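The values are calculated or read from the model by the stated rules, or taken from the named source; none is laboratory data. Keep in mind the model is a prediction, meaning the values are calculated, not measured. Cβ atoms come from the backbone with ideal geometry, glycine included; neighbour counts cover every protein chain shown. In case anyone asks, the SASA skips ligands and DNA or RNA and just uses the protein heavy atoms, side chains included. Shrake-Rupley method; radii C 1.70, N 1.55, O 1.52, S 1.80 Å.
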Amino acid sequence: MSTATTTIKHSLISDFKEITKMRLALSVVFSSIAGYLLGVEQVNFTTLFLLALGGYFMVGASNAYNQIIEKDLDVLMDRTKNRPIPAGRMSVRTAFIVATTFTILGIAILYYINPQTAMFGAISIFLYTCAYTPLKTKTPLSVFVGAIPGAIPFMLGWVAATDNFGIEPGTLFALQFFWQFPHFWAIGWFLYSDYKKGGFFMLPTGKQDKGTAVQIIMYTIWTILISIVPVFGVTGKLELSYVAATVVFGLGLFMLYYAIQLFKKMTEKAAKQLMLASVFYITLIQIIYVLDKFIR
């Protein structure tokens, strides 16, 4: 294989990863798998594989549609100007084919698991593409709208395992829903200048101010409180031992510390530290929930 052919192949793979936002998609798949393991009585590896594959297709489709819609704005921002479409490496038509193919495959695969899973997957794509994306340039409430599809994956796994939506997946949804506010507001803070070039309104007050910092702290506290609710035995089959709840609470305080640091320092560095702490937090929370179920 020639060097030129290898380079083209590498470029195509790289563009595919970027148009579907592979790292983000894999983190979503991770959440879905965690939700599945929490809900299932006996692991079916075929279902688990289909959930991961269908979940990736759904997230990849959402991200591809998003980049089609925002192609003219992506050119204006440093962090997005080298994406496949604005950089001219991929046509809108190609991206649309990828997005549509992924949507059809994703819904079909999730429907094979059960209809409810497919329904929530379809709702996620619709809200992300048709509500969250256009609202980003109009109102800070876009983060609230975007938090809905962003919170679906954790509960989607439970629905895939049980074919039922109740208090258990509702609790998982609430946990990831409230977590997204400090997470995305932290991103909106340290990328404030770049977002401003594209005309995006991501912070609740529209500014890097104390009002935004206070709201970040409040939503972090809500996240912590929701994360320990299962220990009180009010969330059906979703349970948490006292030991696991203590660890979960401690991780919440860890994230809260960085939220308070942002309030004190009001710097982009502090916001980036909070963002990293939030990723660390949600990943470990999901792992602890799963381990606690199987060890308890």
Take the conditions open to solvent by 20 Å² or more (accessible area, probe 1.4 Å) and over 17 Å from the mean Cα position of the chain (by Cα) and apply them to residue 128. Does it pass?
no
So for region 103-126 (the condition being closer than 30 Å to residue 215 by Cα, assigned to a helix (DSSP H, G or I) and in contact with a Pro (Cβ under 6 Å, 6 or more places away or on another chain)), does at least one residue qualify?
yes
One residue from 184, 173, 178, 201 being buried (at least 18 other Cβ atoms within 10 Å of the Cβ), aromatic (Phe, Trp, Tyr) and more than 19 Å from residue 153 (Cβ to Cβ)
201
Conditions: (1) more than 18 Å from the chain's Cα centre (by Cα); (2) under 24 Å from residue 142 (Cβ atoms); (3) of a type outside the set (D, E, K, R). Residue 281 meets all but one. Number of the miss?
(1)
Among residues belonging to region 230-262 that are of a type in the set (Phe, Trp, Tyr) and open to solvent by 70 Å² or more (accessible area, probe 1.4 Å), point out the one that is nearest to residue 211 (Cα to Cα).
257
Mind checking which helices (runs of 4 or more DSSP H) fall wholly inside region 197-296 and carry at least 2 residues that are closer than 28 Å to residue 70 by Cα and either of a type outside the set (A, V, I, L, M) or touching a Phe, Trp or Tyr at 6+ places or on another chain (Cβ under 7 Å) (or both)?
210-227, 268-295
Out of (1) open to solvent by 20 Å² or more (accessible area, probe 1.4 Å); (2) more than 28 Å from residue 138 (Cα to Cα); (3) out of contact with any Gly (no Cβ under 7 Å at 6 or more places or on another chain); (4) not aromatic (Phe, Trp, Tyr), the odd one out for residue 118 is which?
(1)
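For region 58-102, give me each residue that is part of a loop (DSSP other than H, G, I, E, B), buried (at least 19 other Cβ atoms within 10 Å of the Cβ) and in contact with a Ser or Thr (Cβ under 8 Å, 6 or more places away or on another chain).
Initial filter on region 58-102 (part of a loop (DSSP other than H, G, I, E, B)): 70, 75-91.
The next check asks that each one be buried (at least 19 other Cβ atoms within 10 Å of the Cβ); those that pass are 70, 77, 80, 83-86, 90.
70, 85, 86, listed by residue number.
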Per the filter on region 38-57, residues crowded, with 19+ Cβ neighbours inside 10 Å and touching a residue at least 24 places away in the same chain (Cβ under 8 Å) are 38, 39, 51, 54, 55, 56, 57
